[in-house]
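Reviewing the structure listed below.
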Amino acid sequence: MWSAGGRAGLLGPRLLGLPLGPLLGLLVLLGLPGRGAAKTGAGFVTCGSVLKLFNTHHRVRLHSHDIKYGSGSGQQSVTGVEASDDANSYWRIRGSVDGGCPRGAPVRCGQAVRLTHVLTGKNLHTHHFPSPLSNNQEVSAFGEAGEGDELDLWTVRCSGEHWERGSAVRFQHVGTSVFLSVTGEQYGNPIRGQLEVHGMSSANTHNTWKAMEGIFIKPGPEPSGGHDEL
């Protein structure tokens, strides 16, 4: 079993290539913005957008890959990476299972969303397992084809009415109340140099994130009659 920085075994024995279908879809999405999409710029983060999330204190991007934890839940691992050009760092903003996040609608401060890893189709997830390095709460990627369970929901904590692209936000887990965090612990092989991502109970400098590279879906026209889709 692989180890992490000399500590207890971390990762299971699989390091697979990227799935071809999702990878091709991502390349098309990023290479051909087309109508209804815009590259990074001023404005809001919107539902359906695909982006990278940057931890402002540790300067790493939220990342996942088809490598499983060798302890804890055994689910797909989630880490932080410095590289800005890694396709495994793209996440799609989606609403809860019951909806509430129409394509192109600005994400509201206080809204619960799912963050779906584009290349593996798993959702950002946490639960009551200890993280392998810091012994905080483990954060994993879970589900199949974008469908997991109620522990995939994260509340966007920000000031104002909507999540602005240039502003730092926090993600607080709906089920366990922890904040998506990085505190600097580094893994060894096979993902040497990547940082542990975990959940922490307090809001602090380790859990602020900004939207970075990606494709942001433009809001559509308001429905006739002034009705707001919630």
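The values are calculated or read from the model by the stated rules, or taken from the named source; none is laboratory data. Keep in mind it's a predicted model, so treat the numbers as computed, not measured. Reconstructed Cβ throughout: ideal geometry from the backbone, glycine too, with neighbour counts over all protein chains shown. Keep in mind that these areas ignore ligands, DNA and RNA; they rest on the heavy atoms of the full protein, side chains included. Shrake-Rupley method; radii C 1.70, N 1.55, O 1.52, S 1.80 Å.
Observations, loosely collected:
- Inclusion of residue 119 among residues that are modelled with pLDDT of 95 or more, within 13 Å of the chain's Cα centre (by Cα), of a type in the set (A, V, I, L, M, F, W, C) and in a strand (DSSP E or B) is not warranted.
- Scanning the stretch 170-208 for residues that are over 13 Å from residue 59 (Cα atoms), in a loop (DSSP other than H, G, I, E, B) and within 16 Å of the chain's Cα centre (by Cα) turns up 174, 178.
- Selection status of residue 120, touching a strand residue (DSSP E or B) at 6+ places or on another chain (Cβ under 8 Å) and open to solvent by less than 20 Å² (accessible area, probe 1.4 Å): no
- Hits in the stretch 123-143 - residues which are surrounded by fewer than 24 Cβ atoms within 10 Å (Cβ to Cβ) and over 12 Å from the mean Cα position of the chain (by Cα): 127, 128, 129, 130, 133, 134, 135, 136, 137, 143
- The stretch 83-102, subset of a type outside the set (A, V, I, L, M, F, W, C), assigned to a loop (DSSP other than H, G, I, E, B) and more than 15 Å from the chain's Cα centre (by Cα), residue nearest to residue 125 (Cα to Cα): 98
- Within the stretch 144-163, considering residues that are open to solvent by 10 Å² or more (accessible area, probe 1.4 Å) and touching a strand residue (DSSP E or B) at 6+ places or on another chain (Cβ under 6 Å), the one farthest from residue 77 (Cα to Cα): 162
- Of the residues contained in the stretch 91-101, one or more are found to be closer than 30 Å to residue 189 by Cβ and crowded, with 16+ Cβ neighbours inside 10 Å.
- Tally, over the stretch 60-75, of residues that are surrounded by fewer than 20 Cβ atoms within 10 Å (Cβ to Cβ) and under 15 Å from residue 118 (Cα atoms): 1
- Set side by side, the residues 77, 134 differ, and just one is among the hydroxyl-bearing types (Ser, Thr, Tyr), within 26 Å of residue 193 (Cβ to Cβ), part of a strand (DSSP E or B) and touching a His at 6+ places or on another chain (Cβ under 8 Å), which is 77.
- Among residues of the stretch 174-201 that are on the phi < 0 side of the Ramachandran plot and open to solvent by 10 Å² or more (accessible area, probe 1.4 Å), those with a Cβ under 7 angstrom from a residue that is at pLDDT 95 or above and among the basic types (Lys, Arg), sequence gap 6+ or separate chain, pair up as 179/170.
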